[in-house]
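Colleague: Below you'll find the structure I mean.
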Amino acid sequence: MSWLAFLLLFAVQQGGDSTSSRGNDANCGKASVGLPPARVHGGQYATQGMFPWMVSLKNLKPENLHLKHYCGGTLYNNQWVITAAHCVDEPHGATDPSMWRVRVGLASVVTWEDGRQDYNVSKVIIHPVYHLVTVDTASQGQGFAHHDIALIKLASPVKVNSLVNNICLPDADATPGTDCVLSGWGYHDIQNQVENSESEILKWTYAPLLDPGYCSQDHVWGTWMVTSLLVCAGYEHGQDDACDGDSGGPLICPSPDGSRWELQGVVSWGDHPCGQTNKPTMYTRVTAFRSWIEQNIQAA
C-alpha cells in the first residue's frame with residue numbers, strides 16, 4: 001500500500017458510507033485524525049481521535065490508586081470492548097463488573113481531556129478455554145497464554161463522535177508483510193524499561209505482520225509456542241514493539257480495499273524485557289475468535 005493510501009485511510013471522516021461485513025457498523029474502523037508517514041524509533045505519541053476505538057481499562061481494586069491505566073482494549077459494537085483474558089483474570093478482579101471502569105475518547109491517562117467518556121461495566125466474559133503457561137527458559141520464566149481473549153460489556157452504549165468510534169472485525173487474516181499498527185500506554189521508553197514507567201500519553205508504532213514460519217523458528221519462539229490462534233507482528237530487530245502496559249490493546253491492519261481499519265490482533269504476550277531481537281510480540285488472532293465474539297454478544 002502506498003503512503004498516500006495509508007494516509008487517506010486515517011483521514012476518512014465519520015460520515016462516509018461503506019459496505020460493512022457481518023456484525024460491523026457501517027462507519028467502523030474510521031478515524032478523524034490521520035497518521036503522519038514518518039516512522040519514529042520506539043513509537044510516537046497519538047492525539048485524541050487518532051485511535052477512536054482505543055480503550056483504557058481501569059481496575060478498581062483498592063491498591064490501584066487514582067484509577068491508573070491497567071490494560072488496553074478495543075471498542076466494538078458501541079457497548080462492547082475486546083481485550084485480553086489475562087487482563088481480567090482472577091488476580092485482577094476477574095468477571096466481577098464492579099471491579100472495572102472503561103474510558104474512551106482519550107489520549108492521556110493522566111490529564112483531563114474534553115470529550116473523554118467513562119463507563120461502568122455490566123459484564124465480563126473470559127474465553128472458557130483461556131489459561132496461562134509458564135516455561136523455564138535460559139533467561140527467566142516466560143509466560144504465555146492460550147485463548148487469550150475476553151469481552152467487556154459497558155453499562156450503557158458509548159456516544160460515537162469524532163473522538164470515539166468502533167473498530168471493524170476482519171472477515172479474513174491480513175497477509176504477512178502488511179503494515180499494521182499497534183497502540184497503547186505501555187512503557188514510554190522501550191530502551192529504558194523502568195518499573196511503573198508506563199506512558200501517560202497514548203503511543204503507537206507500525207508493526208508489520210510476520211510470517212508464522214519465521215516466528216516458529218527455535219531461535220524466535222518455537223513451533224509449540226506459535227499456534228494458529230496467534231498473530232506474530234513486529235520487527236526482527238526488535239526495538240519497536242508492544243511492552244508492559246500494552247496488554248489487551250489492538251493490532252489494527254488496513255482492510256483489503258484500504259477504506260478502514262480492522263482488528264487483527266489483541267496484545268497477548270512477548271519477551272521480557274520487551275523489544276529484544278527476534279522476539280516479536282504475539283497477538284491473539286481475532287479471526288479465530290470472531291464467531292465466539294459475535295455469539296457471546298448476541299446471547300448477552
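Computed from the coordinates by the stated procedures, all read-outs in this text should not be read as laboratory data. Predicted model only: the values in this text are computed from it and were never measured. Backbone-built Cβ (ideal geometry, glycine too); neighbour counts: all protein chains shown.
Colleague: Tell me which residues come under 5 Å, amide H to amide H, from residue 265 once H is placed; ignore anything under 5 positions away on its chain.
Modeller: Amide H neighbours of residue 265: 251, 286.
Colleague: Within straight cross-link reach of residue 58, meaning Cα distance under 27 Å, which lysines are found once same-chain residues fewer than 8 apart are removed?
Modeller: Correct list for residue 58: 30, 68, 123, 153, 159, 203.
Colleague: Here is a further query. Give me the extension gain from residue 161 to residue 179: residue separation times 0.36 nm, minus the current Cα-Cα distance, reported in nm with one decimal.
Modeller: Roughly 3.8 nm would be gained on extension.
Colleague: Give, as a single signed number, the net charge of other residues whose beta carbon lies under 12 Å from the beta carbon of residue 219, with Lys and Arg counted +1 and Asp and Glu -1.
Modeller: Details: positive: 279; negative: 218, 236.
So the surrounding residues net to -1.
Colleague: According to a simple spin-label model (label point 7 Å from Cα along Cα-to-Cβ), what is the distance in nm between residue 225 and residue 133?
Modeller: Taking the simple label geometry, residue 133 and residue 225 are separated by 1.1 nm.
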